[in-house]
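Participant: Handing you a structure now.
Readers should treat all values here as calculations from the given coordinates under stated rules, not as data from a laboratory. None of these values were measured; they are calculated from a predicted model. For neighbour counting, all protein chains shown are included, and Cβ atoms are generated from backbone atoms with ideal geometry for every residue, glycine included.
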Amino acid sequence: EEEIAEPPRDAAEARLRAALARFYQRRGIGEKLGNVERIARRYAGDGVVELWAALGSKYSLPAPAAVAWLAGTLDPRTAVQWPKRHVPAGAQRALDGVVSSATEEGSSGAIDALCGYQVEACLAELRAALEAGDMEAAGAVAFRHGCPEASLRPRLWHMLLSGEGGLESTGEGAEHRGHRRSAYRELKARMQADSSNAAPGAASSEGSGGKSPEALRAEVEADARAAWRGEPFLVRPNVMDAVISVALTHAWRSSQFVRGSCEMAALLVFVMASDASVDMADAEADAYWYLSQLMAEVQDSITEDSVLSQHAHRQHELLRAYDPPLADLLAEHGLSALPTMRLGIALFTRAGFTLEDSARIWDMLLADPRRFETCDYIMVALLLHTRGDLMQHQNLGSLAETMLAAPRNINVGKLLRTACAVCAFERRCVEGSDKPFPPRPVQSNAEVLEEAVAVAQNKLSSFWGAMSKVGAEAWEVGRTAAKEKMAVVAAEAPAWREAAKEKMAVVAAEAPGWSAQAREAMAGAVAATRASAAVAAETAASAATAASSALETAASNAAAAAATASATGVEKATAASAASSSAPGGEVARAGADAKSASLPATASAVSASAPPPSEGSAAAAAAKAASFTPPARPQQQQPSPSPSPSPSEAAPALVELAPSTAESPPQLVAADAAAASAGGGGPPALVAAPDPSTGGGGGPPQLVQLPS
C-alpha cells in the first residue's frame, strides 16, 4: 500500500495516472480506481502502448478512442518509430536525455510536456546529435518532437536527406556544399542559354520533355504562383524567382514537369533560407539538390496512377482498421481515394497546411526510418481528428468540403501526436505480437486476391528492375536507331513539303478551268430553261389560235344556220301568204306571215351581231386551218328509212272561214275537213282563228285555238 501511494516518478507517469482514473470513471468501473497507481507505475514509459492495446481488447474499446488515450499519455522517451526491442541505443539515449534534462531544470518542466524547459532539452539533444553526426539520434528527436528552432532545420534536413553529417561539422562538408552550389549555378546557366537559343515554339535541345522553353516556363510559373497563396514568405524579394528557378531547372533537367514540384521547391527554399547566415542564392542551390533527391524517391507516387492507387488502397484499409464507420461512409460516397489523391499528394504540400506546419510535418517524415510510410499514419490521424464533423454529413459535396478544409482547421502538434499513436500501434501491436490492436477486419476472397495480385505486381516490378539493367544497352541501341530514323524523316520532310506545295500549285492552276466549266454548265442550264419557256409560250399561242378559230367557225355556222332558217321561214311564209291570199281572209294570214318573216332576219342579224368579229390574222389562220382540217371519221350509223310521202288525205287541211267576219272581229278560219275530223275522230286537231281576248274582241291579230273534238 505504501509503495502504491508514492508520487509519480516523472511527468509521463503522472499523466498516465490521471488518464487511467478518467478512463475507469467514464466506463463506470469504480473497483479499478484503487489499482490506478500500480498500473501506471508498471506501464509508464515504454509499456504504455501495450497497456492501451490490452485495455482496448479487454473492454472492446473503439480504435479511435484507444488512439486518443494513447496520444495523450505517450511517453516522450518512447521511440515509437521502431519496434520495442529494435530501438537503436543512440536514439534511446537522445530521447532519455530530453526527459532527464527537463527534469533537472525543474518539476514544472517535467509535468508539462509543452513547456519551454522541454523545448530547451530537445534543442540541446538535437544540437549534440548534429555536431556528432549521429543521424539516428537526430532522427529520433525530430520524429517525436520536431525541430524546435528553425535555424537548425537546414542542417537537420541535410543530414536526414543525404545521410551525411552537419554542413558545418567538418571542413570537408563545407567544401562539398560549395561544389554542389557551383554545379547548380552552371546547370541553371545552361538551362537559361538553351531557352534563349531555342527558336520560338521549338522544343529545347536538352530536357523539357519536348516542350518549348516558353511553354515550360509559363507552366512552371503558373504553378508556382498558385502554390502557398497568402504566405508572407513568398512575397519577399527574390523568393518567387528562386522557387521558379528551382522547379524550372529540375523540370528541364529531368525532361518532365511534375505537379507538386513547385510546392515542394517553395517549402525547401523556405527551410534553407531560415538560416540567417545563408543568402538567397545559396538557399536556392541547396533547395534544388534536395528537391532532386526527394523527387527521385517520391516521383512515382505522384505521377504513376498504379502507385497512387496502391497508396489509396493501403490508406483506406488502414482507416477501416481504425474507424470502420468512417471508412464505410467515404466508400459509400466514392471518396475512398480522395484523402490520398488530394491531401496526401506531394508529401502534404498541396493539402492546405501553412509553410511552418508543413516543415514540422516533414521533420517527422524525413526522420522516419521507413521514410514516407508515416504519410499513412498522418492521413489516418487527420481523418480521426475530423471524424466528428465528417460523420454529421451524408451529402457528397459537404463531406468532401469538410475533408478538404481539415488541414486549415487543425492544430499540427495534436495531429502529429495522434500520428505517433497510430504509428505505435502499427509497429508494436501488429499481428503476431503479444497484444495485437486494433483488430483487423476480415478480408473477403476478392480482397485477398487483390492483395495477391498487388504482391505479384511488386515482384514483377522488382524483376523488371533487374532485367532493365541487363537490357540497358539494348535500350540505348534502340533509342539511337530511333533517333537516326527521326533524323532521316526530318531530312526528308522538306522534300515532302515541296511536293505538297507543287500539288497545291497544280490544283490552284486548274481551279479557273473548273470555274469556267461550271459557268458554261450554268449558262447551258439557263438557255435550256429559256427554250423550254419559249416552247411553252408557242404551244399556248397555238392553243389560243385554235380556240379562236373554233369560235369563229361556230359563229359562222350559227350565222349560216340563222340565214338558212330565215330563208326557209321566208319561203314558207311566202307560200302561206300566197295560199292565204287566194282564200278568204288571206290578207290577215299574209299579214301575220309578213310579220314573222320580218322577225327572222332581225333574229339572224342579232345572232351575227353577238359573235365577235374575226381579226384579219385570226381569219387567215382560221382559213388555213380549215383548209388543212380533216374531219375525224364518224362511226357509220344506220340511215333511217325514208318516210313515206303523205297521202292527199293526210296533207295539211285548207283553212276556210268558219263564220263571216264583221267590223269588230276578223273572220274565223277552220280546216276544210274539220267536220269530218270531228265526226270520224281521225287526223290532226282542228285549229280555228279566234279573236284575242286581251283586246276585247277587236283590233288584235287572230288567235289559233283548238276546237274540241
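Participant: Shape call for the range 213-331 from the C-alpha gyration tensor, a ≥ b ≥ c root eigenvalues: rounded (a/c under 1.5), prolate (a/b greater than b/c) or oblate?
Facilitator: prolate
Participant: Using amide H atoms built 1.01 Å from N in the peptide plane, name the residues 5+ places from Ser255, or on other chains, whose amide H lies under 5 Å from its own.
Facilitator: Excluding prolines and chain starts, which carry no amide H, the hits are Ser208, Gly209.
Participant: Where does each of 296-305, 143-152 land if you order them by average Cβ count within 10 Å, highest first?
Facilitator: Ranked by mean Cβ neighbours within 10 Å, highest first: 143-152, 296-305.
Participant: Projected onto the charge dipole of the range 9-85 (+1 at Lys/Arg Cβ, -1 at Asp/Glu Cβ, origin at the Cα centre), which of Ile29, Ala14, Gly47 gives the Cα projection farthest towards the positive end?
Facilitator: Ile29
Participant: By how many nm would the segment from Ala560 to Glu431 grow when fully extended, if each residue of separation counts as 0.36 nm and the alpha-carbon distance is taken off?
Facilitator: 32.9 nm
Participant: Quick check: from the Cα gyration tensor, does the range 260-330 come out rounded (a/c under 1.5), prolate or oblate?
Facilitator: The shape class here is prolate.
Participant: Each label point is 7 Å from the Cα along the Cα-to-Cβ direction; what then is the distance between the points at Glu356 and Met341, in nm?
Facilitator: 3.4
Participant: Where in the range 223-245 is the amide nitrogen less than 16 Å from a point lying 7 Å along the Cα-to-Cβ axis of Met280?
Facilitator: The answer is 225, 231-245, whose backbone nitrogens lie closer than 16 Å to the label point.
Participant: With a/c under 1.5 counting as rounded, go ahead and sort the range 1-77 into rounded, prolate or oblate using the C-alpha gyration tensor (a ≥ b ≥ c being the square roots of the eigenvalues; past the cut-off, prolate if a/b is larger than b/c, else oblate).
Facilitator: Here the range 1-77 falls in the oblate category.
Participant: Here is a further query. Using a Förster distance of 60 Å, how high is the FRET efficiency between Ala505 and Arg127, based on the Cβ-Cβ distance and rounded to 0.05?
Facilitator: Working from the Cβ atoms, E equals 0.15.
Participant: Using packing as a proxy for protection, rank 219-227, 392-400 so that the peptide with the highest average count of other Cβ atoms within 10 Å comes first.
Facilitator: Sorting 219-227, 392-400 by mean packing, highest first, produces 219-227, 392-400.
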